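For reference, the structure discussed in these notes is given below.
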Amino acid sequence: AFEGLAERLQSTFDKMKGRGKVSEADVKEMMREVRLALLEADVNFKVVKKFVNDVKERAVGQEVMKSLTPGQQVIKVVNEELTTLMGGEESKIAASRKPPTVVMLAGLQGAGKTTTVAKVANHLRKHHNRKPLLAAADIYRPAAIDQLETLGKQLDMPVYSKGTEASPVDIAKGAVEEAKEANCDYVLIDTAGRLHVDEELMDELQQVREAVQPEEILLVIDSMTGQDAVNVAESFHEQLGVTGAILTKLDGDTRGGAALSVREVTGVPIKFAGTGEKIDEIDVFHPERMASRILGMGDMLSLIEKAETSVDDERAKELQKKMKSADLTFDDFLEQLEQVRNMGPLDDLLQMMPGANKKAMKNIQVDESQIGRVEAIVRSMTTHEKENPSVMNASRKRRIAKGSGTTIQDVNRLLKQFEDMKKMMKQMTGGNQKGKKKGKGG
Ligand code: GDP
Ligand code: MG
């Protein structure tokens, strides 16, 4: 439903091509588009303004990596800043040194608290071998208790509830006691919500917090909340001191700008992302993926990364030298073909590449059955031909076609693919010049 930022920026990209430095005017023009993309993704406008200014400062005057155009360079900076802003790394749920670890979930009504309690419990058991107990402390709607009990049954996990008569504080305390007895190492407390933040609710949540001193207070927030996410996060954080957030309903038609707002306002990490109604539809939150999603720029950068890691370092350097001097050989080509194939189905790769690159990629769409033919053609070349593609003429092509059991058209197609591959590899392997490869020389 959204037009990708990268597509929108394509004309700006093209204008910038071949320049060495990112100019202030370039950045200004691009940041206008970035600003729009963020607002469309429902990032709060104040957050957008601050972010755009930060990035402008960082991007102007940067040297442009050889592998990227200045436009892509700016996007890279934007992506990095967004990722950092959202916490950079994944963040785990805390574990108390004195179990049980108490985790309280809070948020507005309908945000997904009850569902998420079950999802997190399931995650803790499945991936961390934990034994959680669920506590039903939303006493205002009998249906909420039923809902949690049903989920508990489905998971075959204990649920502590005392109906609608007991106070949330007593329920929370009782649940912790019960967990100790039953040897459960996590207590996940489901709490009540309201349609809007109100004092009575906050009072109640504060009392629960005082009574059981949770290790984690996780704000559950609907990613469709949009601009209002800032206010919700601000109130909950001010009054409860949340330690993390969980973004729900990311499976819907949202770019997830709320993630940025929540993070910016509270400074706490986003720990999980809910991606559906089912119990296992939850993911550990990945800041970088979220950055790409918010920008809607395809996975251009992750594609570049993927290409970098997939192509062997040393070999890539060597190839790069060759490509610069335009003497890439057909043996190299075969090898590259294999490596591109190793990166995954070409269709996937195509999907990840926004804008102009698609054209270059189309011609090298190698279907698996073709690889064998390509190999045969290359093997029918003489060493001299392999190393000097420019010598190829009609009679050589005829000989090669015959020797490999293919046609002249096949040979021509391969030569065309070879040229396109050269172009593409120039774009993709150039990343090694960034000097950001880890661990070199210790
Ligand atoms: P609570 O009022 O905060 O406890 O919210 P619930 O857990 O009762 O969830 C409210 C509604 O949102 C339910 O219909 C859930 O199935 C739905 N829901 C919760 N999380 C997600 C999610 O990640 N994706 C989708 N699509 N629906 C969700
Ligand atoms: Mg609920």
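Among the residues of the range 251-269, some residue qualifies, meaning at least one is among the polar types (S, T, N, Q) and under 19 Å from ILE93 (Cα atoms). Evaluated against (1) touching a His at 6+ places or on another chain (Cβ under 8 Å); (2) assigned to a helix (DSSP H, G or I), GLU90 falls short on exactly one condition, (2).
Determine if the range 103-123 includes at least one residue that is away from ligand 2 (no atom under 16 Å from the Cβ) and without any contact (Cβ under 8 Å) to a residue 40 or more places away in the chain. Looking for residues that are away from ligand 2 (no atom under 16 Å from the Cβ) and without any contact (Cβ under 8 Å) to a residue 40 or more places away in the chain, one finds none in the range 103-123, hence no.
Could you tell me whether GLU277 is surrounded by fewer than 21 Cβ atoms within 10 Å (Cβ to Cβ), in a helix (DSSP H, G or I) and over 13 Å from the mean Cα position of the chain (by Cα)?
Working: surrounded by fewer than 21 Cβ atoms within 10 Å (Cβ to Cβ): yes; in a helix (DSSP H, G or I): no; over 13 Å from the mean Cα position of the chain (by Cα): yes.
Spelling it out, it is not the case that GLU277 is surrounded by fewer than 21 Cβ atoms within 10 Å (Cβ to Cβ), in a helix (DSSP H, G or I) and over 13 Å from the mean Cα position of the chain (by Cα).
Candidates LYS397, LYS362, LYS386: the one that is touching a helix residue (DSSP H, G or I) at 6+ places or on another chain (Cβ under 8 Å) and at pLDDT below 80 is LYS362. Out of all the residues in the range 282-295, is one or more away from ligand 1 (no atom under 16 Å from the Cβ), farther than 30 Å from GLY174 by Cβ and modelled with pLDDT of 85 or more? Yes, the range 282-295 contains at least one residue that is away from ligand 1 (no atom under 16 Å from the Cβ), farther than 30 Å from GLY174 by Cβ and modelled with pLDDT of 85 or more.
Before we move on, is THR191 buried (at least 21 other Cβ atoms within 10 Å of the Cβ), of a type in the set (Ser, Thr, Tyr) and within 16 Å of ligand 2 (Cβ to nearest atom)?
Working: buried (at least 21 other Cβ atoms within 10 Å of the Cβ): yes; of a type in the set (Ser, Thr, Tyr): yes; within 16 Å of ligand 2 (Cβ to nearest atom): yes.
Taking the combined requirement at face value, the residue satisfies it.
Here is the figure for the range 228-251: residues that are more than 12 Å from ligand 1 (Cβ to nearest atom), free of Cβ contacts under 8 Å to residues at least 40 places away in the same chain and touching a Ser or Thr at 6+ places or on another chain (Cβ under 6 Å) total 2.
Here's a check for you: in the range 118-144, which residue that is within 11 Å of ligand 1 (Cβ to nearest atom), more than 18 Å from ALA179 (Cα to Cα) and not in a loop (DSSP other than H, G, I, E, B) is farthest from the chain's Cα centre (by Cα)? Top of the filtered list is ALA143. For LEU148, the stated conditions do not hold, so it cannot be described as closer than 14 Å to ALA118 by Cβ, assigned by TED's automatic domain parsing to the domain that holds LEU260, within 16 Å of ligand 1 (Cβ to nearest atom) and under 29 Å from the mean Cα position of the chain (by Cα).
Exactly one residue out of THR225, THR254 is within 15 Å of ligand 1 (Cβ to nearest atom), in a loop (DSSP other than H, G, I, E, B) and either touching a helix residue (DSSP H, G or I) at 6+ places or on another chain (Cβ under 9 Å) or of a type in the set (S, T, N, Q) (or both), and it is THR254.
The values are calculated or read from the model by the stated rules, or taken from the named source; none is laboratory data. Remember, predicted model here, so these are calculated numbers, not experimental data. Neighbour counts run over all protein chains shown; Cβ positions are idealised from the backbone, glycine included.
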